[in-house]
Amino acid sequence: LIYRKGHFALWSRGEDLMTDRFPELARAADVLPDGVVIDGELLVADDQGPRPFSALQKRLGRKTVSKALLSDSPVELYAYDLLETNGIDLRERPFAERRGQLCELFADLPERTGLRLAPVIPFASWPDLTETQKTARAHMAEGLMLKRAASPYIGGRKKGDWWKWKL
């Protein structure tokens, strides 16, 4: 999600412009400060949390979205990284610093913006984290995303400092 100079845009990982396919996210432009770039994941969600990926698939690949589909499959951006703030590129800074700034940004946002802060899952040991990972499906997740606190942001497929631990 990019909000710069009064313009809002939503891009896919494959670099497809998707702004018009997810109009409910445009309201985020009303509450974000200028010069913000957020990395996250689109999920169909309601008050109970995320729904299965199949609900999002109904929205993907469409040029236009009907009112019924907007109502039945509301999308939120689960934000997990802040790449730019106040027009300053943060990608080389450590993840822990970027995440801290993202949390500060979200602390000032009103509810119902189409944005949700993805949780950080604390753990004390690898066995504890393994037990948490096993519960991912119950939370409509395909696994856990592990990131080193000191890692810079690297676009594309994550390697090294970032690891997607799927079920």
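The values are calculated or read from the model by the stated rules, or taken from the named source; none is laboratory data. In this text, all values refer to a predicted model and were calculated from it rather than measured experimentally. No Cβ is skipped: glycine too gets one built from the backbone with ideal geometry, and neighbour counts run over all protein chains shown. Just the protein is used for accessible areas: all its heavy atoms, side chains included, with ligands, DNA and RNA removed. Shrake-Rupley method; radii C 1.70, N 1.55, O 1.52, S 1.80 Å.
Note down all Cβ pairs under 8 Å where the first residue falls in segment 135-161 and is more than 14 Å from GLY40 (Cα to Cα), the second is at pLDDT below 80 and open to solvent by 50 Å² or more (accessible area, probe 1.4 Å), and they're at least six residues apart or on different chains.
Listed by first residue and then by second, the contacts come to MET140/PRO52; SER151/GLY160.
When segment 125-167 is examined, which residues are found to be over 23 Å from PHE53 (Cα atoms), in contact with a Gly (Cβ under 9 Å, 6 or more places away or on another chain) and open to solvent by 50 Å² or more (accessible area, probe 1.4 Å)?
Once the filter is applied, which keeps residues that are over 23 Å from PHE53 (Cα atoms), in contact with a Gly (Cβ under 9 Å, 6 or more places away or on another chain) and open to solvent by 50 Å² or more (accessible area, probe 1.4 Å), segment 125-167 yields ARG148, ILE154.
Considering segment 102-134 alone, what residues qualify as being in contact (Cβ under 8 Å) with a residue 60 or more places away in the chain, in contact with a helix residue (DSSP H, G or I) (Cβ under 7 Å, 6 or more places away or on another chain) and in a loop (DSSP other than H, G, I, E, B)?
THR113, GLY114
Test PRO23 against the stated conditions and say whether it is within 13 Å of the chain's Cα centre (by Cα) and open to solvent by 20 Å² or more (accessible area, probe 1.4 Å). Outline the logic, then answer.
Numbers: within 13 Å of the chain's Cα centre (by Cα): no; open to solvent by 20 Å² or more (accessible area, probe 1.4 Å): yes.
Answer is no for this residue.
Could you say whether any residue in segment 71-85 is open to solvent by 80 Å² or more (accessible area, probe 1.4 Å) and part of a helix (DSSP H, G or I)?
yes
PHE53 - would you say it is touching a Phe, Trp or Tyr at 6+ places or on another chain (Cβ under 9 Å), of a type outside the set (D, E, K, R) and either at pLDDT 95 or above or open to solvent by 30 Å² or more (accessible area, probe 1.4 Å) (or both)?
No: the conditions fail for PHE53.
Could you please give the count of residues in segment 1-46 that are outside any strand (DSSP E or B), of a type in the set (Asp, Glu) and either modelled with pLDDT under 90 or within 17 Å of ARG116 (Cβ to Cβ) (or both)?
5
Given the structure, is GLU92 within 16 Å of SER151 (Cβ to Cβ), loosely packed, with under 15 Cβ neighbours inside 10 Å and touching a Pro at 6+ places or on another chain (Cβ under 8 Å)?
yes
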